[in-house]
1. Take Arg19, project a point 7 Å from its Cα along the Cβ direction, then tell me which residues of segment 49-79 have their backbone nitrogen under 20 Å from it.
2. For Glu16, what is the net charge nearby, where nearby means another residue's Cβ is under 12 Å from its Cβ and Lys, Arg count +1, Asp, Glu -1?
3. Using unit Cβ charges (K, R positive; D, E negative) and no other charged atoms, how large, in debye to the nearest 20, is the dipole of the chain about its Cα centre?
4. Determine the per residue accessible area of segment 13-66 with all protein chains present and a 1.4 angstrom probe, expressed in square angstrom.
5. Give the whole-number value, in cubic angstrom per residue, of the convex hull volume spanned by the C-alpha atoms of segment 34-87.
6. Which aspartates and glutamates have a Cα lying under 12 Å from the Cα of Lys65, excluding residues fewer than 8 positions away in the same chain?
7. Lys50 to Glu7: extension gain in nm, 0.36 nm per residue of separation minus the Cα-Cα distance?
8. As a test of the formula, what do you get for the chain when each DSSP H run with n ≥ 4 contributes -39,500 (n - 2.57) and the sum is divided by the residue count, at 222 nm and rounded to the nearest 500 deg cm²/dmol?
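The values are calculated or read from the model by the stated rules, or taken from the named source; none is laboratory data. It should be emphasised that the depicted structure is a prediction, and the values quoted were computed from it without experimental measurement. In this analysis, Cβ positions are derived from the backbone assuming ideal geometry, glycine residues included, and neighbour counts consider all displayed protein chains. Note: accessible area is taken over every heavy atom of the protein model, side chains too, but ligands, DNA and RNA are not part of it. Shrake-Rupley method; radii C 1.70, N 1.55, O 1.52, S 1.80 Å.
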Amino acid sequence: MAALSDEVVRALAHAERRRLLRMCRDRPMAAGELAAGAGMAQASVSEHLKVLRKTGLAVVEKQGKFWMYRTDAEFLAEVLAELERELLETPSR
């Protein structure tokens with residue numbers, strides 16, 4: 001499956017989801033930690049994380065009693081590369 005899909009683009013279109021991706025880019029974070037840092041309700045964060053996981057933009061791993069979320073930087077790089085190719089390639093006629 002190609003990294004760039006309508007679902008991925010829709011997920012990235014939401015500012016709160018991009019903020020969550022930035023927050024867990026450098027280290028894994030628990031949903032409660034993300035909610036506190038973003039100033040959002042945990043239920044809202046959980047819904048956003050569900051979308052990010054489903055699209056492959058974030059991954060989750062169990063560490064002790066917590067589920068830790070992190071941005072899948074490699075997948076995000078693939079998405080950005082495909083988007084760049086799609087938008088900047090010279091159209092064939």
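1. The answer is 49-53, 57-59, 69-72.
2. On the way: positive: Arg17, Arg18, Arg19, Arg22; negative: Glu47.
For residues surrounding Glu16, the net value is +3.
3. On the way: 15 positive and 14 negative charges, 77 e Å.
Magnitude of the dipole: close to 360 debye.
4. Details: 3160 Å² over 54 residues.
Accessible area per residue, segment 13-66: 58 Å².
5. Values: hull volume 5.3 nm³, N = 54.
So the per-residue hull volume is 99 Å³.
6. Correct list for Lys65: empty, as no aspartates and glutamates qualify.
7. Between Lys50 and Glu7, full extension yields 14.2 nm more.
8. Values: 5 runs with 55 residues, N = 93.
Value at 222 nm, helices only: -18000 deg cm²/dmol.
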